[in-house]
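Here's the structure, in structure tokens; my notes come after.
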Amino acid sequence: MQRRLLLACAAAALAAGTAAAQTTDWPARPVKILVGSAPGGGTDAMARAVADRLGPALKVPVVVDNRPGASNTLAADVTAKSTDGHTMVMGVSTAHAIAPNLLKLNYDNNKDLVPVAFVGSVPNVLVVSNSLGVNSVAELVAMARKAPGKLNFASSGSGSTQHIAAELFKEATGTFITHIPYKGSGPALMDLMSGQVQMSFDTLASVLPHIQSGKVKALAVASARRNPRLPDVPTLAEAGVKGVEMGAWYGIYMPSATPRAVQDRVQQEVAKLLLLPETRSRLDAIGAEITPMTQAQFVAFHNAENKRYAELIQRRDIRME
């Protein structure tokens, strides 16, 4: 009995020593931040803004690795199953709050990954084709009510924030507008600019250049307050549509087996770099709102968002198309 106890204590001490060594030696090689979408989008921009400053802080290269696919969950899947101790993912609400309520995943979103460092959020914006000829949300709603089903909205895919924002808009305004899902924001915006589709609730990061160039018209932002990048564009609430707030949020997730001290180090370094003028300038350029959070606050936020989307998806009977 005593021998078994001694062996158990020795094993525990060895495990503790191994964990301490991993923490002390971390990072021992380059760190990867996986991104679940192609280069150029909001998630990619967030990841690169973090990686460029996180590398010098950790004194190792931090490389952004794009793994697009499966509603941003492919990158999360690879991260959840990684065992090298140096892989993390720039999580986005599409993958970590929406997809788990719509898709059968090959990993457990709440057990295999842990929220570590919140980065920020980017609101969705209601934009319309110039050829539609409307200049306000009220005019758009009146048009939609006059001809149910005639108008259509583009999204970057079923279950995206664009899709769900439009469903909320339809619910709040009592309108029927047809959903046209695309494989990404790029082709959706191309058809919006050409007039093939009439409206979209794309993220500000994706649509801002096209608003600034006049290729699409912004009618409202789906946030609680106006965005500094679009100071003259009202919120949906200001435009008379209450209860429709939608944005994509971003944060670093790591495998749940990651030592707590390593999680703490990443959270602390990301919190520091978000205070740097250079980082804030890069994120401001895409309309991001930086909201400082402790790791515990991020975990609570993650749980609350999963609950919110689960209820919304069930209520609106949203399914993958």
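The values are calculated or read from the model by the stated rules, or taken from the named source; none is laboratory data. What you see is a predicted model; the values in this text were computed from it and never measured. As a convention, Cβ positions derive from the backbone with ideal geometry for all residues, glycine included, and neighbour counts pool all protein chains shown. What goes into the accessible areas is simple: the full protein's heavy atoms, side chains included, and nothing from ligands, DNA or RNA. Shrake-Rupley method; radii C 1.70, N 1.55, O 1.52, S 1.80 Å.
Key figures
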item: Where N is the number of residues in the stretch 155-302, Cα Rg divided by 2.2 N^0.38 Å; result: 1.20
item: Label point distance in nm, Lys242-Ile290, each placed 7 Å from Cα along Cα→Cβ; result: 3.5 nm
item: Per-peptide average of other Cβ atoms within 10 Å, ordering 28-40, 158-170 highest first; result: 158-170, 28-40
item: Residue among Leu58, Leu189, Leu274 with the largest mean-square fluctuation in a Gaussian network model of the chain, springs linking Cα atoms under 10 Å; result: Leu58
item: Arg225-Ala261 FRET efficiency (beta carbon distance; Förster radius 35 Å; 0.05 resolution); result: 0.40
item: With every protein chain in place, the stretch 147-306: carbon and sulfur % of accessible area (1.4 Å); result: 54 percent
item: Label corresponding to Cα extents along the principal axes in Å when calculated from the structure given, among (i) 55, 47, 39; (ii) 79, 55, 37; (iii) 82, 42, 29; result: (iii)
item: Computed E for Asp317/Lys183 - FRET, C-beta separation, R0 30 angstrom, nearest 0.05; result: 0.85
item: Per residue accessible area in Å² of the chain, where ligands, DNA and RNA are left out and the probe is 1.4 Å; result: 45 Å²
item: Computed [θ] at 222 nm, helices only, for the chain once each DSSP H run of length n ≥ 4 contributes -39500 (n - 2.57); result: -13500 deg cm²/dmol
item: Label point distance in nm, Asn106-Ala172, each placed 7 Å from Cα along Cα→Cβ; result: 3.8 nm
item: Around Ala47: net Lys/Arg minus Asp/Glu count, Cβ-Cβ under 15 Å; result: +1
item: Ala70 paired with Glu305, simple spin-label distance in nm, labels 7 Å along Cα-to-beta-carbon; result: 1.9 nm
item: Diffusion coefficient, µm² s⁻¹, Stokes-Einstein with Kirkwood Rh over alpha-carbon pairs of the stretch 123-239 at 37 °C and 0.692 mPa s; result: 239 µm²/s
item: Euclidean distance between Cα centres, the stretch 142-219 to the stretch 49-96, Å; result: 29 Å
item: Charge context of Ala165, other residues only, Cβ under 12 angstrom, K/R +1, D/E -1; result: -2
item: Cut-off 12 Å between beta-carbons: net charge of the residues surrounding Gly36, Lys and Arg +1, Asp and Glu -1; result: -2
item: Gain in span if fully extended, Asp84 to Asn135, counting 0.36 nm per residue against the direct Cα distance; result: 13.1 nm
